[in-house]
Amino acid sequence: MRTPARIEPRLLGQMTKRRIVDVLRARGPSSRAEIVRETGISAPTISKAVGSLLEAGLLEESDSPSTTTVGRPGRPLMLATKTSHVIGVVLDADRIRTVTAGLDGALHDETVDERATPESYAELLDAVVDMLTPVLTSEINVQGIGISTPGLTDQVRQEVVLSPNLPCTNGRSPSTDLQARLGVPCWLVRETHALCLAERMQGRARALDDFVMLDGGAGLGIGVVQRGELLHGHRGLAGELGHVTVEPDGIRCGCGNVGCLETRATDHALLRDASRTLGRALDPRELIEILTTPSAERDAIAGDVDRVTTWLAVAIAAAINLFNPRAVFVHARWPRARADLFDAVRERALERALLPTATHCPIQFASATKLHGAVAGGLQRLFDQQTH
Ligand SMILES: [Zn+2]
């Protein structure tokens, strides 16, 4: 019989650090004794790993002594929120947004900054540098920056492969370029993956190991979590449900093909069709207002709403049939305008999905935003780097 390979002390240390981070994420502030109890790892090993995490600025000791520890009260440990931050950057077709957050993932809402997305890649980088300079010159230690991007992203090369809705980033690496200018670790995270991570970290998917996140904003993509892991595919490009052809002679898609599902099932598709019907260019806020209040215009676009309802339902049903998830989360704006709009999407999706796969698969709105996603993506990379 072969004896198991001896685990390297360094690897053991990294695994211990990872376990500590996981315990603090799940339980919140905890004493060393509680972590020992929770992990089953010896007190000296935990103590050494905690020391190293404190030194790296990933943990802090809480101000209040633990009330649950018997004997000598210890100060509970928590993921750093005061001394270390992480930044989330959301690159989108129409706007760029930034936010800072603690290492527990809680956003500092007062720090949200927003700008219109510039035309060129160089201006895009300039804008992000400009928005983040005040944060990076403050006293707080920024551990890293998660950059959420729409479209196909090669996670290994940290490069945008194809972004139909933000084409100036095609073939570029915003993370490498921003890291060179800002001097802080930057990580590129595909938007649908970022949304999955955020939903699992602090949203409605906390206890779920199998779920699908469907993003139907500007483009249409899905993130798939199976057995607790994101589905990546060979180069990290899996999940492009939006570029499945549904109308062979349909309209031109940003990917270059025609008749993609993405041209029919998104916020942008409804905005385009409703603008054409009403004979004026609507902005997203106007569209929501029209959907919310009874009016002749609302009646006029009822056919457009009906079509996008069906196509979004088709996308959800496809995700259910393909991946048999425990739940589907939908990130889209227009169905939030009125409760009956999303009810209709859900109803049609369940009609179109195969019954055995759709049974017990709730379809609900995602609770985490793209800002949460960028932060969650950054945190995952930060903890992976520090504990692997
Ligand atoms: Zn396409």
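The values are calculated or read from the model by the stated rules, or taken from the named source; none is laboratory data. In this text, all values refer to a predicted model and were calculated from it rather than measured experimentally. Positions of Cβ are generated from backbone atoms using ideal geometry, with glycine treated the same way; all protein chains shown enter the neighbour counts.
Taking residue 209, is it of a type outside the set (Val, Ile, Thr) and either within 14 Å of the ligand (Cβ to nearest atom) or within 16 Å of residue 189 (Cα to Cα) (or both)? If you could, list the steps in order and put the result at the bottom.
On the way: of a type outside the set (Val, Ile, Thr): yes; either within 14 Å of the ligand (Cβ to nearest atom) or within 16 Å of residue 189 (Cα to Cα) (or both): no.
So residue 209 fails the test.
Just to verify a result, which residue in the range 228-244, among those that are more than 10 Å from the ligand (Cβ to nearest atom) and touching a Gly at 6+ places or on another chain (Cβ under 7 Å), is modelled with the lowest pLDDT? Talk me through it step by step, then tell me what you get.
Narrowing the range 228-244 to residues more than 10 Å from the ligand (Cβ to nearest atom): 228-239, 241.
Subset that is touching a Gly at 6+ places or on another chain (Cβ under 7 Å): 230-231, 239, 241.
Details: 230: 93, 231: 93, 239: 90, 241: 95.
Top of the filtered list is 239.
Check the range 266-280 and report whether any residue there is touching a residue at least 40 places away in the same chain (Cβ under 8 Å), of a type in the set (S, T, N, Q) and within 16 Å of the ligand (Cβ to nearest atom).
yes
Has the range 116-138 got any residue that is in contact (Cβ under 8 Å) with a residue 60 or more places away in the chain and surrounded by 14 or more Cβ atoms within 10 Å (Cβ to Cβ)?
Applying the first criterion (in contact (Cβ under 8 Å) with a residue 60 or more places away in the chain) to the range 116-138 yields none.
No: zero hits.
Taking the range 155-185 only, how many residues are away from the ligand (no atom under 16 Å from the Cβ) and either not assigned by TED's automatic domain parsing to the domain that holds residue 89 or not in a helix (DSSP H, G or I) (or both)? I'd like the intermediate steps shown before the answer.
So in the range 155-185, the residues away from the ligand (no atom under 16 Å from the Cβ) come out as 155-159, 168-169, 171-185.
Those still in the list that are either not assigned by TED's automatic domain parsing to the domain that holds residue 89 or not in a helix (DSSP H, G or I) (or both) too: 155-159, 171-173, 183-185.
Qualifying residue count, the range 155-185: 11.
Determine the pairs where a residue that is of a type in the set (S, T, N, Q), located within the range 197-216, has a partner that is assigned to a loop (DSSP other than H, G, I, E, B) with Cβ atoms under 7 Å apart, the partner being 6 or more residues away or on another chain.
Every condition considered, the pairs that remain are 202/105; 202/368.
Starting from the range 15-38, take each residue that is assigned by TED's automatic domain parsing to the domain that holds residue 50 and more than 12 Å from residue 50 (Cα to Cα) and list its partners that are outside any loop (DSSP other than H, G, I, E, B) and basic (Lys, Arg), counting only C-beta distances under 8 angstrom and pairs at least six apart or across chains.
Partner pairs satisfying both residue conditions: 34/27; 38/27.
Just to be sure I understand the filter: pairs with C-beta atoms under 7 Å, separated by 6 or more residues or on different chains, first member in the range 237-255 and of a type in the set (S, T, N, Q), second member assigned to a loop (DSSP other than H, G, I, E, B) and near the ligand (Cβ under 8 Å from one of its atoms). Which pairs pass?
The qualifying pairs are 245/257.
All but one of (1) under 23 Å from residue 198 (Cα atoms); (2) within 16 Å of the ligand (Cβ to nearest atom); (3) not in a loop (DSSP other than H, G, I, E, B) hold for residue 219; state the number of the condition that does not hold.
So residue 219 meets the others, but not (3).
Could you check the range 107-138 and list, in sequence order, the residues that are under 19 Å from the mean Cα position of the chain (by Cα) and more than 23 Å from residue 190 (Cβ to Cβ)?
108, 109, 111
Can you confirm whether residue 117 is closer than 23 Å to residue 198 by Cβ and hydroxyl-bearing (Ser, Thr, Tyr)?
Values: closer than 23 Å to residue 198 by Cβ: yes; hydroxyl-bearing (Ser, Thr, Tyr): yes.
In short, yes.
Output yes when any residue across the range 245-256 is surrounded by fewer than 20 Cβ atoms within 10 Å (Cβ to Cβ), within 16 Å of the ligand (Cβ to nearest atom) and farther than 19 Å from residue 220 by Cβ, and no when none is.
There is at least one residue in the range 245-256 that is surrounded by fewer than 20 Cβ atoms within 10 Å (Cβ to Cβ), within 16 Å of the ligand (Cβ to nearest atom) and farther than 19 Å from residue 220 by Cβ.
Conditions tested, residue by residue: (1) surrounded by fewer than 18 Cβ atoms within 10 Å (Cβ to Cβ); (2) within 30 Å of residue 96 (Cα to Cα); (3) modelled with pLDDT of 95 or more.
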residue	(1), (2), (3)
309	no, yes, yes
349	no, no, yes
358	no, no, no
373	no, yes, yes
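Is it the case, given these coordinates, that residue 259 is assigned by TED's automatic domain parsing to the domain that holds residue 318 and away from the ligand (no atom under 11 Å from the Cβ)?
Numbers: assigned by TED's automatic domain parsing to the domain that holds residue 318: yes; away from the ligand (no atom under 11 Å from the Cβ): no.
Taking the combined requirement at face value, the residue does not satisfy it.
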